[in-house]
1. Among the helices (runs of 4 or more DSSP H) contained in region 331-426, which hold 2 or more residues that are under 18 Å from GLU248 (Cβ atoms)?
2. May I ask you to list the residues in region 393-404 that are free of Cβ contacts under 8 Å to residues at least 40 places away in the same chain and within 16 Å of LEU197 (Cβ to Cβ)?
3. I'd like the full set of residues that are touching a residue at least 60 places away in the same chain (Cβ under 8 Å) and small (Gly, Ala, Ser), limited to region 227-266.
4. Going through region 112-135 one residue at a time, which ones are among the aromatic types (Phe, Trp, Tyr) and open to solvent by 30 Å² or more (accessible area, probe 1.4 Å)?
5. Kindly indicate whether any position in region 276-296 is out of contact with any helix residue (DSSP H, G or I) (no Cβ under 8 Å at 6 or more places or on another chain), exposed (fewer than 11 other Cβ atoms within 10 Å of the Cβ) and at pLDDT below 80.
6. Of the residues in region 311-330, how many are out of contact with any helix residue (DSSP H, G or I) (no Cβ under 7 Å at 6 or more places or on another chain) and either assigned to a helix (DSSP H, G or I) or at pLDDT 95 or above (or both)?
7. Can you tell me which residue among LEU201, LEU191, LEU181 is surrounded by 24 or more Cβ atoms within 10 Å (Cβ to Cβ), of a type in the set (A, V, I, L, M, F, W, C) and under 15 Å from the mean Cα position of the chain (by Cα)?
8. Which pairs turn up if I take residues in region 39-57 that are surrounded by 15 or more Cβ atoms within 10 Å (Cβ to Cβ) and look for partners that are assigned to a helix (DSSP H, G or I) and polar (S, T, N, Q) with beta carbon separation below 7 Å, at least 6 apart in sequence or on another chain?
Amino acid sequence: MTKRHLGLAVCVLPALYLLLSPLYALLHYHVFAAEAPHFIRYVLVPGLLAAAFIAVGLFARPNLSVLAGVCGSSMLLGLFLFEAMHTVSAVTVRLGMFGQLSEAQAETLRRNENMVPGFTLRYLNRVSGTDELPKALLSGFPSAQVVLCTSGNGLVSYTADRHGFNNPDHVYDGQLDLMLLGDSFVEGFCLPPGDDLASRLRAGGISTASIGIRGNGPLTELATLGRFGAILRPRRVMMVFFEGNDWENLERELAVPWLRTALSPDADFGLQSTVQESMHEARNALTEHKNTPVTGLDLLTRTALFRNFVALQQTLTRLGLVYPKITPSNPEFRRILHRAKELTASWGGSFTLIYVPRIDRFMGPFSSDRPFDPLRMKVLDAAAAEGIEVIDLNEAIRAQAEPLLMYAPDAHFSRAGAEFAAHEIQRHVVAAAGAREVVKNE
């Protein structure tokens, strides 16, 4: 092989890799290339870099093309080694999130008939054959011990309350100050009892019920409010919107006909007494599921682990170079907020939205708010249009000296993050109560 051919060969290697980004973006045009910032990031810049490598390989002097190709290939190899290091760490975290058990933990789970692995309501309703909102499962299993995750310290779990949520049962003995609607951030993912968001609020003197299950989206949360709100009649309802996946979860929820009926003004949300048969079927399915071990294969089938590795996802995130998918408009989100506010007002309560940013915003060396803000602005604008107050945790977390400390390795709240969020909510509740007192005295 001549030096000319060698130079071309080593230049083509990084060029071919760089061309994967434009190819993937153009194949998924509406989510990665339809807007100018995304087109520049995923198509134009990598495409120009790839063209430059090919041009150098074809037309530069052999010594220069070899040097450029070797440097480019070496940098690419270094990036993949860095990505591999973080991927190995991520695999351990992900398996813990999915509930991978040691032999001793698996034996504990098998022997304890009251213990169930973590679940989503989407899964429970699928295995129970739900096709009507009044018969849908909108909570977990009362009094069951629910595994949140596994870690080196063992199983992290909670004992569900009388309705199937992560609360001490006595929280319902008096008037509720606050009902928190949400997903795993509200359920308290991988946080020991007492460290989750609702527990922190209760420790601060606010009688709070966590009405959240992992995997929930805004429409499921509306349905949950419709079923439990009028029974519990909290003074305040706060819906926790997570920037990381709630918009996508909403798109999936809207595709479920029986769940979409929750938007109707005369929706029948059903009662817990009407879902006992569905709950029994779901519990049986979950009992069978808990005897199935979680393996590394689950990461390939249930996550985008391989795709993210090829895309150098974690490396580029740490450099602040990952843009989220383009956010499509979804007018149904505003309808959800309208109905939630309307339902809460029916018993004299107030409704607030809490915006939780994703960890990716805070990982790069520079501010990376701009790529994420289109979704944030859509959410804030919808709330403003409905006259709904928003507790924007993005601004509060950004103002911290070390925002990353607010998150655990699994990208949920850390203990410090749950405590911080509870403090922000408590501050809002106190300020709102003070404002009402001033208006009352006037």
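The values are calculated or read from the model by the stated rules, or taken from the named source; none is laboratory data. Please read these numbers as outputs of a predicted model, since none were measured by experiment. Glycine gets a Cβ as well: all are built from the backbone with ideal geometry, and neighbour counts include every protein chain shown. These accessible areas exclude ligands, DNA and RNA; they are computed on the full protein's heavy atoms, side chains included. Shrake-Rupley method; radii C 1.70, N 1.55, O 1.52, S 1.80 Å.
1. Details: elements: 332-345, 369-385, 393-398.
By residue number, 332-345, 369-385.
2. LEU393, ALA396
3. Across region 227-266, the qualifying residues are GLY229, ALA230, GLY244, ALA262.
4. Quick first cut of region 112-135, residues among the aromatic types (Phe, Trp, Tyr) only: 119, 123.
TYR123 - this is the single residue of region 112-135 that is among the aromatic types (Phe, Trp, Tyr) and open to solvent by 30 Å² or more (accessible area, probe 1.4 Å).
5. The answer is yes; a qualifying residue exists.
6. 3
7. Values: LEU201 fails: under 15 Å from the mean Cα position of the chain (by Cα); LEU191 fails: under 15 Å from the mean Cα position of the chain (by Cα).
After ruling out the rest, the residue left standing is LEU181.
8. Partner pairs satisfying both residue conditions: TYR42/SER21; PRO46/SER21; VAL56/SER65; GLY57/SER65.
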